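For reference, the structure discussed in these notes is given below.
Values in this text are rule-based calculations from the coordinates and carry no lab data. If you're wondering where the values come from, they're calculated on a predicted model, not measured in any experiment. Cβ placement follows ideal geometry from the backbone for every residue including glycine, while neighbour counts extend to all protein chains displayed.
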Amino acid sequence: MLPLKEKDKPLVQKLLSAGCCARCVLRFCCIGVQAAYRQPYQDILKEIQAFISDEENNKPQDAAVADPTVDPPSKKMKLDVAEADGQSEGDASAHLVTSQQSDPEAEESHVCVACLGILQEYSGRSHAVKVSEAVKKENYKFDTMVLSVSLPAQLCVREHSLWLHVKKEVRQKSMALDKDDVAQVKEAFKWVMQGLVARELGGVAVFTKSAFEIGVEFTHPETDADCHFLAGACPDCFKPTKTKQSVFTRMAVVKALEKITDAKFLKHYPCPPARPSTKCSHQDIQCLHASVFVAGRYNKFCRSLPQTPWVIDGERRMESSVEELIGTPLLSAFRANGFNFSSSGREDVDVRTLGNGRPFAVELLNPHQSRLTKVEMKQLQQTVNESTEKIRVRDLQIVTREDMGRLKEGEEEKTKQYTALVWTQKAIAKEDITFIDDIKELTIDQKTPLRVLHRRVLAVRQRVIHNMSTRFIDPHHFHLGLKTQAGTYIKEFVHGDFGRTKPNMCQLLETDTDILELDVESVDVDWPPAIPE
Ligand code: ZN
């Protein structure tokens with residue numbers, strides 16, 4: 001039984017006369033019981049038909065027509081009801097036969113004036129099968145889902161017109177009708193369709209917040225112009241933007257409808273809305289899975305490998321990059337559409353990263369496969385490591401979006417350890433450099449290095465070198481170990497950057513010095529958690 005009340009009868013008749021479908025009748029009667037919408041369309045229609053027929057049976061026909069507060073049920077409405085029903089039984093169909101013969105507009109469309117067919121033609125099992133077939137083709141792995149629905153913006157205009165149309169009726173019956181009490185087309189569609197689609201997909205759970213979203217989009221070119229009068233009435237609401245194709249976005253239309261007075265609206269737009277001759281068109285199903293995040297640590301053993309693809313003036317300078325060597329195998333394992341790579345700091349193209357490696361994370365966009373077991377992750381790590389000699393990853397694991405913040409967290413406060421191969425112009429003896437081992441907590445001022453000046457703002461940054469250690473090699477070379485605050489430019493500390501870093505190694509040793517090789521020995525960020533081998 002539909003939860004319609006006796007007092008709803010005039011409203012139901014008015015809605016049907018205006019050309020509403022059965023489910024839109026329920027919506028404008030403010031019915032929020034989802035089960036009512038889920039019944040097959042024909043069943044709802046039959047019940048509404050019976051509901052109205054009761055009224056006619058109980059009243060002498062003359063009286064019904066004479067009652068000024070009740071619109072006589074239109075011939076057309078009965079035609080819709082009976083035809084859609086597909087049967088010829090009962091009182092209403094008897095009316096149908098006569099009206100069909102006498103009504104010159106009998107061939108007129110039966111597409112709902114409010115939902116443009118969405119709750120009639122597109123809300124049922126057969127359509128759920130179509131949606132689920134399209135989803136299956138995409139070959140996603142998921143166990144929960146949510147439907148997202150995109151409707152043509154003019155539906156709001158039609159809804160507003162219909163609401164004004166019935167508001168008067170309701171007022172006369174001293175019933176309150178708030179626009180917010182009317183269930184939205186989008187909601188009603190989801191009430192009917194989510195469960196049906198989920199069942200067709202093999203019984204996945206429907207979550208309001210699911211990582212897997214099935215996007216359903218409707219358009220209705222025939223009535224696109226319905227919104228246009230609003231631009232004249234509320235020009236403020238429709239400002240062109242670069243990103244949107246049309247200024248008539250749903251948001252803008254809703255805003256304009258909130259502003260416009262009833263009188264002004266009624267002057268420009270028919271009430272009830274005109275009957276459409278076509279139903280909405282259904283666009284391609286768009287599936288989207290929320291990003292999956294994978295974190296780990298990488299070593300880089302190669303002195304000719306940039307961290308990110310190195311492209312100058314559209315031309316590639318190096319054949320590979322850390323992010324591609326890691327990202328590409330991940331992309332194919334998760335069958336994602338793309339990825340974003342980020343890391344805790346970065347090393348120069350000629351710098352190696354040794355020790356435990358540098359923490360990194362990869363966001364995998366629209367992954368078709370989102371769940372890998374720990375064993376599968378281990379296999380994936382192995383695949384990455386076997387694909388190249390240039391890098392190696394460890395601690396590869398799936399993390400949450402929230403965890404991602406930890407990668408950049410304290411990037412400046414953390415310490416890093418390096419080893420540099422230093423050249424000296426003046427010949428040195430082992431004893432000449434040992435004093436460096438005793439220098440602790442050396443504060444240096446670094447003016448933005450010349451080599452990064454094109455991408456970083458000019459400033460003087462103070463950094464701390466916590467300690468250093470030396471290892472003599474020959475009269476012109478030694479190894480310098482450093483533990484520094486993150487963000488220290490090591491190369492500049494060694495060669496001085498034309499005096500832009502002070503103090504520097506040239507000043508300490510009173511000779512020209514240069515850095516020949518640099519290795520990152522450790523990045524002291526305790527994330528992601530280590531995974532035992
Ligand atoms: Zn409808």
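Entry note, region 190-332: relative contact order of 25 percent, from Cα contacts under 8 Å with a spacing of 6+ residues.
Cα-based radius of gyration for region 291-409, normalised by 2.2 N^0.38 Å, reads 1.02. Output the pairs from Lys46/Lys279; Lys179/Lys209; Lys239/Lys264; Lys168/Lys259 with a Cα-Cα distance over 24 Å in this structure; if there are none, say none. In this structure, Lys179/Lys209 exceed 24 Å between Cα atoms. For Lys242, Lys502, Lys374, the sequence from fewest to most other C-beta atoms within 10 Å is Lys242, Lys374, Lys502.
Once backbone amide H atoms are built at 1.01 Å from N, Asn467 has Glu441, Lys483 as its partners under 5 Å, excluding neighbours fewer than 5 places away on the same chain. Under a 5 Å amide H cut-off, with hydrogens placed 1.01 Å from N, Trp527 pairs with nothing among residues at least 5 apart or on other chains.
Listed by Cβ neighbour count within 10 Å, with the fewest neighbours leading, Phe28, Phe472 appear as Phe472, Phe28. Would you list, by chain and number, the lysines whose Cα falls below 20 Å from the Cα of Lys374, excluding same-chain residues fewer than 8 positions away? Straight-distance partners of Lys374: Lys141.
Across region 415-523 the C-alpha pair distances fall into 5 Å bins from zero in the proportions 2, 13, 24, 26, 20, 10, 3, 1, 0 percent.
Ignoring lysines fewer than eight residues from Lys242 along the same chain, the ones with Cα atoms less than 23 angstrom from its Cα are Lys255. For region 183-242, the orientation-averaged shadow of the C-alpha convex hull comes to 7.0 nm² (one quarter of the hull surface).
For region 461-524, the orientation-averaged shadow of the C-alpha convex hull comes to 4.5 nm² (one quarter of the hull surface).
Principal semi-axes of the equivalent ellipsoid, √(5λ) from the alpha carbon gyration tensor of the chain, are 74, 25, 18 Å from largest down.
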